[in-house]
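Taking it in order: structure first as C-alpha cells, then the write-up.
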Amino acid sequence: VTDSPTTQEPRPHGADRWLEALLFRADPPGEDPVSSSAIDARLRALGEALEADAIALQVIVVAATRPRTAGGAGPGAQVVDALAALAAEGIGPSLVGAIGEIPGLPEPVARHPGGIDVLEAVAEVQLRLRRQRRVPQIVHDPAWTIRLSGIDPMRMRVEESLCTVADTRFGTRGTLEEDGAGTDPLVVADGRYMDGLGSGADATPTLLPGPLWTGLEVKPEHLVSAPRLLDLSSGLLFREPGAAPVRSVRFASLARPGRAVLRAEAPIGTLGADADLQLPDEAPRRAADRLDGTTVATTASTSGWIAAAARSEVASADARTVVERHVALVSGDGPGPDERTRERLVGLLDEPDFPTLLREQRAAWARRWERATISIDGDADVELAVRFALFHLIATVGDDHEAAVGARGLSGRAYRGHVFWDADVFVLPFLAATHPPAARAMLAYRDHRLDAARKAAAAAGHAGARFPWESAHDGTDVTPDLATDLDGREIEILTGRYQEHITADVAWAGAHYLDWTDDAAFARGPGRDVLLDTARYWHSRATRDEHGAAHVLEVIGPDEYHGPIDDNAFTNAMVRWNLRQAASAAAADPRGVVPGEAEAWTALADDLVTGFDPTTGRHEQFTGFDLLEEILIAESAAVPLAADVLLGREWTAQAQVIKQADVLMLHHLLPDEVPPGSLDADLDHYLPRTAHGSSLSPGIHASLLARAGRFDEALAMLRIAARIDLDDLTDTAAGGLHLAAMGSVWQAVAYGFAGVRPAGARLRIDPRLPDTWREVEVRMSFRGTPLRVRAGHERLRILAAGDADLEIGGSHQRIGAGETTFTRVHDRWSRKAVP
Amino acid sequence: MTRVVAALDHDTSLEPVARAARAIAALLGAEVIGVHVAEPGSPPRAALERRARFPVSRVEGDTVEALVTAIEGADVAIAVVGARSRPDAPRPTGHVPLELSERLTCPLLVVPPHSTLGERGRVRRMLVPLDGTPQTSAAARRLVRQVRPAGIEVVATHVLDDSHPLHFADAPQHDYDAWRREFLARHAAPDTELDVRRGDTWTAIEACAHEVAADLIVVVWSQRLASGRAVVVREALANPDLPVLLLPAGTRRHAGRGP
C-alpha cells in the first residue's frame, strides 16, 4: 500500500487550539452589561498582562463597520485589512480567533460568540497554552499541508527525507524523535564536506554529518511510527500521537538560519529529553562537552566543521511532560570552532524564546511565499505537490556568501552533496525569479571556483575554464571514475571526462540570472569573468574540419545513454550561445580581452555544426544518432523507465533510446536559438524515443509539451515530476530529495504553462493552459519589480508593485504599479482599457 | 518439538525426498517423519523406513486428501514432497505437489528427482528472490531469523523485469548504491547479500542460484495458482532444477509456529 500524501480536510482541536491573534468586536449587537469604558479598561489590562508575560498574542479590536463586499456578506473593511496584515506575517485565518459577531469571516477562523468576558477567557486559554509550553495544535490548511500517516515501514526513510526541515544553511532530516532501528537521522550544513574512504564514489568527498539534535526518549521504545504534518506555509513539522502518545513540533528558523527548536509533549512516563546532542559515528572527528551548562558538540573533517549548542528544559504538569529544546548551529572552514565561536554559539540560545521564534518563522516564510507562491485553480493535487517542491527549494538554498546546492540538497546522504548542472540549470531559475540573492549565492559558488576551473582547463591542454561535472568543496572534479553496476559488475563512469556541457551550463545560469535581475555588478564582475573564460575554453576545445566547419568532438550530452559522441546538438548549441554571449560582452566592455579574441569566438560560433536538418525540420541528437537501431521505447514500454538498467548499457548505447531531454533540452534552455517550428518536429521525433530514465526528464518535457499545446501529455509529465519524491517514484527518495526535479516542476508551471519567461529586458508572458485548469497564478520578481501573473483562458491579470516591461502577444507592454488586465480575443491578447 | 514431514512415494523419488527432509530437519532441529499413502503394490512400512531412515506412517485414501490430513494435523514446520516420480516423467511436476502447494498452510519443499540436497552434508546456502512487495519481504525476514542461527547463508536476489522495473536511475555512480542500500533496508534481513539480475524472472533466479551455489530456492507466494497469478511459482514448479521451498505469505501459519 502506497502511503502517499494527499489533500485532506483539516481537523479542529477544540479547547487546546493554538491561536496567534484574536479579533474582538468591541460593540457587539444586543444587550451588553459592560460599559464601553469598562471594556476599554479591561482591554488595557489584558494587553498589559500579555506584555508582562511576553506573550506573542495579538488582540485586534474591530468595529462593526459595513461589509466591504457589495452584497453585504463579507467582513468589514477593518477586518479585511486586519486579516491581510496578519497573513503578511504568516498568520492565516486558521490561527485567528474571533470574539463577537463578525460577519463573513473565512471558515478556519475560530468563532466565539460573546463579549469581553469571552475574550478574556479565550486569552486565558492561550496564556495557559504558552505558559505550559504546549505544542501548538492548529487547524492545518489542506492547500499547504503534507500529511503523512507514518504507517508504512517501507516509507520510513522516505518520509524522513520529505520531512526535512532546513533553514537554507543547515538541513535536518525528519527522523522521528526516538530515531530507532531503520531510521537515518542526519544533520548537514551547506558546503561542508569530509573526505571519502574506499573506492569508486566512496572515495569522493561527501557531506559532513553534524551533531544530531532531534533525539528524545520515547516510550514504548520499539515503535518508530507516527502521523506527521509538514506545514509548507511556515516550515513547521508536526508530529501527532500515533503508536506513541507523543505530540511535537520542530522547525529550523528561516528568519535566523542556524537556530532550531523542538517542542514535544506526552503523558508523564512516556517522554524524556535524552542527550541534548548526539554525535554521528561517521564524522572523522567529533567531540562534545559542556560550556556554561550547555551541551556543545562538534564534528569536523580536514576541510570544515559543524558545531551545535543545545539546551533542553523538561517540565511536568497536568499529567503531561513537556520538553523544549533550543539549538544553535554554526559551521566553518578549518579545524574547528575557536573558543569565542563556541561561546557565541551558546549565547545564541539565550533568546529569543519559542513563541518569538515561531512568530519570526511564520513571518519569514510568508515573505518568501509572497514572492514565490504558485496557485492552480482547478488542480488542488498538483498545486500542493508543486508547493511541496518550492518549499524545499526555498529551504535549501542560502542567500549569503555562496551556496553549494547538491543534487539532494540538505535532505540526505545520496549523491554525497555533489553539485551538478542540476543546480545551475534546474534549481537556479526558480531562485533567480523569486529570491535573487539565493541565485546569486549559487553563482558565487561557481565563480569562487573559477580558478579551479581554469586549472582543469589547463590540465587538459586548453585555455579558459572548464567546470567539473561533479563538484564539492574545492571545485575540482569529484566525479567517480568507477561504479558498481546493480548486477555487481564494475563499470566505468565517463561523465566526469566527457559531460562538458556543464561549462556552458554554468555560463547560462549567470546569464539567466541576469535576465531576471539585471544585476549590473554581477554582469560587470564575476558573471563576465565566467562568460569570457568559458568561451575561451570552447574556442580552445572545438576543432575544425577540412571544410572549415567547427565541431565539438567526444562529449556526452544530457542523454547519458550515449557517449562519448561527436557534435551533440545540445552541447554545440550551448557552446555557440556561450561564444556569442561572450563576444557580445567583450564588445560592450573589452577589459582584458585580447584583440581579435571576440571576433574569433563569433566566427567559431558561426561555423559550429548544429545538427539541424532543414529537410526534416529537426535536429539530429549527435552525429550518427539516426543510424542507430530505431526503437520507440515510449510506445513499447511503460515509461519512465531506467532503460539502461533493464535492458543493459550496451543495448541502449546502440539504439535510439534516450535517457532524458537532450535535443529538447536545447529547446527548453535556448528557445530563441532554435529554428522556428522545430519544437514540434523535435518533440514528434524524440518523445517516442525517450525513456525518461532520469528524474530530470519529466518536468522539462511537461514544460515543452505545454508550449506545444499537448496538454494531456504535459499534465501527465508534470504529475510525475511533481510527485517523484512524494510517491518515491525513484525508489531512492530515502537518500534525499530530487532537487533538480523540483526545480523542473517550477519551470514547467512558470515557463511551460504560465508562459512567463524573460526575453531580454522584457518579461514575455504567453500562457498555455489545459482545459482542466481555470487559472494559474505565478509570483515572481522581474528586474526588481514584484509581480503576480494570473493567467486564465480568456483573461490575464498582472499585479505589479512597480513598473515592468512585458511582451504579451508579441508586443511590448509597459505596465505600472497596480493591476493590468488583458483579455484574449480571437487568440490575441488585448490590454483592457483602464476606466 | 516441531516436525518435518516428508510425503513419500515408493519409487525412485523416495531417496531424494527423504534425504532433503533429513537435511531440513537437522537445520531446524526438528523431528522428521514420513507419510506414505498406501496403494496396491505399496511396500510394507518397515521397508519404507529402511529407505527413508526415519519413521514412516502409512495412511489410506485419496493421496492429496490423506497427505493434507496427515500434515495439517501435526505441528509441522515444513512439508517435503517430490516434484515428480522420475526424472524422465512426462509431466513436469505432478498433481500432488501442485495441489499440496495450494492447500497446505505450512511451507512446502518441492524436491526434484535428481536433487542432491543433503547429499553433501548440511544445507549451507539459500537463495531468496525478493520481488519488492511487503508480503514477500516479511515472510523472507521471518525465515532468515529462523535459519540464521543454524549458520545458513542467505542470499537475496531481485530481478528487474518489465513488471518490476527501475523507473529512474540518474547517475549510476550514486543512484545504484542508494537504490541497493534502500532495497536491502526495506526488504532484506540485516547483513543479507543482494544479487540483482535482469531479464526473465525465473531464468534469472535459477542462474543466480547456480552461481551462488544455493542448496535451495525460497519462493514466497500467495498460494493461488490460478491463471495470471504466481507466474514465478508456476515456472518454479514447471521443471525445478533445485529444491524449491514454497513459503506462504500473509497471515497463514508459517514455519515453526503453532496453529
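Things worth noting here:
- Whichever residue in the range B:93-112 is at pLDDT 90 or above and part of a loop (DSSP other than H, G, I, E, B) and, among such residues, is farthest from B:Gln223 (Cα to Cα): B:Pro112
- Complete set of residues in the range B:28-65 that are crowded, with 19+ Cβ neighbours inside 10 Å, out of contact with any Phe, Trp or Tyr (no Cβ under 9 Å at 6 or more places or on another chain) and small (Gly, Ala, Ser): B:Ala30, B:Ala52
- In the range A:592-605, of all residues being in a loop (DSSP other than H, G, I, E, B) and either in contact (Cβ under 8 Å) with a residue 24 or more places away in the chain or of a type in the set (Phe, Trp, Tyr) (or both), the one that is surrounded by the most Cβ atoms within 10 Å (Cβ to Cβ) corresponds to A:Val593.
- Leading residue by the ranking (farthest from the other protein chains (Cβ to nearest Cβ)) among those in the range B:148-158 that are open to solvent by less than 20 Å² (accessible area, probe 1.4 Å) and part of a strand (DSSP E or B): B:Val154
- The set of residues in the range A:731-764 that are within 14 Å of another protein chain (Cβ to nearest Cβ), touching a His at 6+ places or on another chain (Cβ under 7 Å) and outside any helix (DSSP H, G or I) contains only A:Leu737.
- Residues of the range B:159-187 that are buried (at least 20 other Cβ atoms within 10 Å of the Cβ) and assigned to a helix (DSSP H, G or I): B:Pro172, B:Gln173, B:His174, B:Asp175, B:Tyr176, B:Asp177, B:Ala178, B:Trp179, B:Glu182, B:Phe183, B:Arg186, B:His187.
Residue by residue, here is whether (1) within 17 Å of the chain's Cα centre (by Cα); (2) of a type in the set (A, V, I, L, M) holds:
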site: B:Arg19; (1), (2): yes, no
site: B:Ala25; (1), (2): yes, yes
site: B:Leu28; (1), (2): yes, yes
site: B:Val35; (1), (2): no, yes
site: B:Leu48; (1), (2): no, yes
site: B:Val56; (1), (2): no, yes
site: B:Thr63; (1), (2): no, no
site: B:Leu67; (1), (2): no, yes
site: B:Glu102; (1), (2): yes, no
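- On inspection, A:Ser694 fails the criterion of being among the small types (Gly, Ala, Ser), part of a helix (DSSP H, G or I), surrounded by 19 or more Cβ atoms within 10 Å (Cβ to Cβ) and touching a residue at least 24 places away in the same chain (Cβ under 8 Å).
- Restricting attention to the range A:219-234 and to residues that are modelled with pLDDT of 95 or more and in contact with a Leu (Cβ under 6 Å, 6 or more places away or on another chain), the residue that is surrounded by the fewest Cβ atoms within 10 Å (Cβ to Cβ) turns out to be A:Arg228.
- Test: residue in the range A:701-712 that is buried (at least 24 other Cβ atoms within 10 Å of the Cβ), facing chain B (nearest Cβ under 9 Å), within 25 Å of A:Val397 (Cα to Cα) and touching a residue at least 24 places away in the same chain (Cβ under 8 Å): no
- Residues (surrounded by 15 or more Cβ atoms within 10 Å (Cβ to Cβ), more than 14 Å from every other protein chain (Cβ to nearest Cβ) and assigned to a loop (DSSP other than H, G, I, E, B)) located in the range B:193-233: B:Ala214, B:Asp215, B:Ser222, B:Gln223, B:Leu225, B:Ala230
- Top-ranked residue of the range A:557-591 - restricted to ones that are among the acidic types (Asp, Glu) and free of Cβ contacts under 8 Å to residues at least 60 places away in the same chain, ranked as least open to solvent (accessible area, probe 1.4 Å): A:Asp567
- Of all the criteria given as (1) closer than 18 Å to A:Thr571 by Cα; (2) assigned to a loop (DSSP other than H, G, I, E, B); (3) out of contact with any Leu (no Cβ under 8 Å at 6 or more places or on another chain); (4) open to solvent by less than 10 Å² (accessible area, probe 1.4 Å), the one not satisfied by A:Met665 is (2).
- Meets criteria (at pLDDT 95 or above, closer than 17 Å to A:Ala511 by Cβ, more than 14 Å from chain B (Cβ to nearest Cβ) and in contact with a strand residue (DSSP E or B) (Cβ under 8 Å, 6 or more places away or on another chain)) for A:Val575: yes
- Unmet criterion (only one of (1) within 14 Å of chain A (Cβ to nearest Cβ); (2) in a strand (DSSP E or B); (3) open to solvent by less than 10 Å² (accessible area, probe 1.4 Å)) for B:Leu127: (1)
- Some residue of the range A:770-788 being within 14 Å of chain B (Cβ to nearest Cβ) and either touching a Lys or Arg at 6+ places or on another chain (Cβ under 6 Å) or modelled with pLDDT of 95 or more (or both): no
- When the residues of the range A:629-669 are filtered to those that are of a type in the set (A, V, I, L, M, F, W, C) and free of Cβ contacts under 8 Å to residues at least 40 places away in the same chain, the one that is farthest from the other protein chains (Cβ to nearest Cβ) is A:Ala655.
- Among the residues of the range B:203-248, those that are of a type in the set (Lys, Arg) and free of Cβ contacts under 8 Å to residues at least 24 places away in the same chain comprise B:Arg229, B:Arg234.
- As a summary of the residue check, A:Leu176 satisfies the conditions (1) within 29 Å of A:Ala308 (Cβ to Cβ); (2) within 14 Å of another protein chain (Cβ to nearest Cβ) except for the one numbered (2).
- Check on A:Arg169, touching an Asp or Glu at 6+ places or on another chain (Cβ under 6 Å), within 19 Å of A:Ala300 (Cβ to Cβ) and crowded, with 21+ Cβ neighbours inside 10 Å: yes
- Of the helices (runs of 4 or more DSSP H) entirely within the range A:501-556, those holding at least 3 residues that are in contact (Cβ under 8 Å) with a residue 12 or more places away in the chain, open to solvent by less than 10 Å² (accessible area, probe 1.4 Å) and of a type outside the set (A, V, I, L, M) occupy A:501-517, A:526-541.
- Of all residues in the range A:115-151, those satisfying the criterion of being of a type outside the set (A, V, I, L, M), open to solvent by 30 Å² or more (accessible area, probe 1.4 Å) and under 17 Å from A:Arg320 (Cα atoms) are A:Arg128, A:Arg131, A:Gln132, A:Arg133.
- Selection of the range A:630-650 for residues being within 32 Å of the chain's Cα centre (by Cα), at pLDDT 95 or above and open to solvent by 60 Å² or more (accessible area, probe 1.4 Å) yields an empty set.
- Which numbered condition A:Gly412 fails, given (1) open to solvent by 10 Å² or more (accessible area, probe 1.4 Å); (2) modelled with pLDDT of 95 or more; (3) not hydrophobic (A, V, I, L, M, F, W, C): (1)
- Residue within the range A:308-321 that is outside any strand (DSSP E or B) and more than 28 Å from the chain's Cα centre (by Cα) present: yes
- Between A:Ala708, A:Ala653, A:Ala681, the distinction of being modelled with pLDDT of 95 or more and within 14 Å of A:Gly752 (Cβ to Cβ) belongs to A:Ala708 only.
The values are calculated or read from the model by the stated rules, or taken from the named source; none is laboratory data. Note that this is a predicted model, so its numbers are computed, not measured. Ideal geometry is used to build each Cβ from the backbone, glycine not excepted, and the neighbour counts take in all protein chains shown. Accessible surface is based on the protein model in full, side chains and every heavy atom, while ligands, DNA and RNA are left aside. Shrake-Rupley method; radii C 1.70, N 1.55, O 1.52, S 1.80 Å.
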